[in-house]
Amino acid sequence: MNNNLVKLLEKAKGLGITPYKISQDTGIGQTSLGNYLRGERKIGSKNAKVLAQYFNVSVDYILDAEKEKPATPKDDELSENEIKLLAMYRAIPPDQRKMLYSVVEAALKSQGLL
């Protein structure tokens, strides 16, 4: 069983990010996610890479190859608004995210914030 992956999936569920949403965002089937959560199936390197990118952690963390915390330390957890903003961002099709990033970056630069 991938203990770190189970922790991430359970934390996501607690934040209102459903397996369906993760499946839609990553292309990994809900059945596979459920199998990982129940320890019925080991995650492969391809899906580990996708989920690592989705949760902003290392592939080694997903595969339990290292026993350290995820990339975001506990004392630096996201606020409720940041979580909502991230969920909205993830709802945007990947090919359109780059455009949104460029718009936000330009706006911040014009205000001297970047």
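The values are calculated or read from the model by the stated rules, or taken from the named source; none is laboratory data. A quick note: this is a predicted structure, and the numbers were derived from the prediction, not measured. Ideal geometry is used to build each Cβ from the backbone, glycine not excepted, and the neighbour counts take in all protein chains shown.
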Checklist entry - How many of the residues making up the range 62-75 are over 18 Å from I17 (Cβ atoms) and at pLDDT 85 or above? => result 1
Next on the checklist: For the range 4-15, which positions are in contact (Cβ under 8 Å) with a residue 24 or more places away in the chain and more than 20 Å from K46 (Cβ to Cβ)?
Outcome noted: E10, L15
Checklist entry - Restricting the range 81-95 to residues that are in a helix (DSSP H, G or I) and of a type in the set (A, V, I, L, M), which is nearest to S23 (Cα to Cα)? => result A91
Item to check | Subset tally (residues that are at pLDDT 90 or above, out of contact with any Leu (no Cβ under 8 Å at 6 or more places or on another chain) and closer than 16 Å to E10 by Cα) for the range 26-51 | outcome: 3
Checklist outcome for this item: Note on the range 1-52: residues aromatic (F, W, Y) and either assigned to a loop (DSSP other than H, G, I, E, B) or surrounded by 17 or more Cβ atoms within 10 Å (Cβ to Cβ) (or both) are Y36
Next on the checklist: Just the residues that are within 16 Å of A87 (Cβ to Cβ) and either touching a Leu at 6+ places or on another chain (Cβ under 9 Å) or surrounded by 16 or more Cβ atoms within 10 Å (Cβ to Cβ) (or both), please, taken from the range 53-62.
Outcome noted: Y54, F55
